[in-house]
Amino acid sequence: MKPSNAKPFLKWVGGKKQLLQEFDKRMPLHIKGEKTIKRYVEPFVGGGAMFFFLKRNYHVEESFLFDINPELIISYQVVKNDCKNLIHRLMKMEEEHLNMEEDHRKENYYRIRTAYNLQMQDFDYENYSREWVERAAYMIFLNKTCFNGLFRQNKKGEFNVPFGRYKNPRICNEENLIGASSALEGTEIFCGDFTKSRDYIEEGSFVYFDPPYRPLNSTSNFTEYSKNGFDDVDQIKLADFFEKMDDRGAYLMMSNSDPKNENPKDKFFDRLYRSYKIDSVPAKRNINCDGSKRGKLNELIIMNYSLTF
């Protein structure tokens, strides 16, 4: 697969596939006209839907990706630097798993989940090694075979999503992994919170922020993409960071939940981003374990630049 066709290699709660066309409509006009992004920075890369979309549709000269989740960053680094060995390991895991009966698949899933969590205790997250390939393979395997493709950690940082019942899960998408690896070529990837991206944001940069969404209510609180969580204090810190990067002359876009879905009087984001353009667009939420509570909601797209449609 060519890098221009690559898509996210992980399922990711909060992935932005459904909103990509809305984002594209709202790209800065000079970028949209020239089809070129000189410097792209993404402080919360997550599943990378926006990154891969831009690589498919624009010429991105420089790109810098960040995320606070070290497990996610390991996977990106391995896909970028060691794709061949990763594919070899995943193909073997897929063959073994799919040849099992369902009960044995379940046992295999929990065996790998336990190994993955035990490995964390003395894993070297700082220095790239062959062990990173095995860890990335574990993560991708769990991601493709767990319930709903969630990535969720407990306070100890352990992956705790239960087994998902899939008839024929595609654990190793070789073609897409090769394409993703090509798309990541030349991209710099960092583990750290959003503030670490400040050293790479300059005048003219295009920055897309996709923070863990603010919960719409007390029962929809799914921000545990990392053991650290992301609360209203963090949202306020992010708004301050957004303003500082605006002062640098960067082009900024952010997505978040629209609190008015639950409470029309909730003006949390209106207050935080009162100096900027805020659009509310329809989207579909799929993370509620109760299928009857999934459905269309509005999400926010916040920009620090003006648009003419």
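Each value in this text was obtained by applying a stated rule to the coordinates, not by laboratory testing. The structure displayed is predicted, hence computed values, not measured ones. When we count neighbours, we look across all protein chains shown, and the Cβ atoms used for this are built from the backbone with ideal geometry, even at glycine.
Shown for ILE236, ILE171, ILE31: other C-beta atoms within 10 Å of each C-beta, ranked fewest to most, produce the order ILE236, ILE31, ILE171.
Taking the Cα atoms only, what angle lies between the long axis of helix 232-247 and the longest principal axis of the chain, rounded to 10 degrees? Once rounded, the angle reads 60 degrees. Ordered by the number of other Cβ atoms lying within 10 Å of each residue's own Cβ, fewest first, HIS104, HIS97, HIS88 fall into the sequence HIS104, HIS88, HIS97. Would you please state which residues of the range 237-251 a label at THR195 would reach in this model, taking the label point 7 Å out along Cα→Cβ and a backbone N cut-off of under 11 Å? Residues passing the 11 Å test: 237-238, 241.
Panel order for ASP122, ASP266, by other beta carbons found within 10 Å of each beta carbon, from fewest to most: ASP122, ASP266. Whole-Hz Karplus values for the range 167-178 come out as 5, 8, x, 8, 7, 10, 8, 4, 4, 6, 4, 5 Hz, taken residue by residue from phi with 6.51 cos²θ - 1.76 cosθ + 1.60 and θ = phi - 60°; glycine and proline positions read x.
Around the Cα centre of the range 83-176, unit charges on the Cβ atoms of Lys, Arg, Asp and Glu (plus for the first two, minus for the last two) sum to a dipole of about 300 debye.
Among bridges DSSP assigns within the chain, what percent are antiparallel (round to 5)? Once the DSSP bridges in the chain are tallied, antiparallel ones form about 50 percent. Candidates ALA136, PHE66, PHE147 compared by Cα position along the dipole of the chain: farthest toward the positive end lies PHE147, with charges placed on Cβ.
Along the chain, counting only trypsin sites (Lys or Arg not before Pro) with a DSSP assignment other than H, G, I, E or B and at most 14 other Cβ atoms inside a 10 Å radius, the longest segment between sites is 36-154. Using 20 Å as the Cα-Cα cut-off, could you pick out the over-long pairs in LYS144/LYS296; LYS55/LYS144; LYS16/LYS144? Where the Cα-Cα span goes over 20 Å, the pairs concerned are LYS144/LYS296; LYS55/LYS144. In this structure, the amide hydrogen of GLU62, modeled 1.01 Å from its nitrogen in the peptide plane, lies closer than 5 angstrom to those of ARG39, TYR40, counting only residues at least 5 positions away or on a different chain. Summing -39500 (n - 2.57) over the DSSP H runs of n ≥ 4 in the chain and dividing by its residue number, what mean residue ellipticity at 222 nm do you reach, to the nearest 500 deg cm²/dmol? Estimated from H runs of four or more residues: -11500 deg cm²/dmol. Using only Cα atoms and rounding to the nearest 10 degrees, what angle (0 to 90) does helix 102-119 make with the longest principal axis of the chain? With both axes taken from Cα atoms, the answer is about 70 degrees. Among the listed pairs LYS156/LYS237; LYS92/LYS167; LYS80/LYS284, give every one whose C-alpha distance is greater than 28 Å. From LYS156/LYS237; LYS92/LYS167; LYS80/LYS284, over 28 Å: LYS80/LYS284.
If you run the Gaussian network model on the chain, springs between alpha carbon atoms under 10 Å, then out of PRO162, PRO43, PRO264 the most flexible one is PRO264. Hey, what angle do you get for helix 70-81 against the long axis of the chain, alpha-carbon based, 0 to 90 degrees rounded to 10? Taking Cα atoms only, the helix is inclined about 80 degrees. Between HIS59 and LYS237, residue separation times 0.36 nm minus the direct Cα-Cα distance comes to 60.9 nm.
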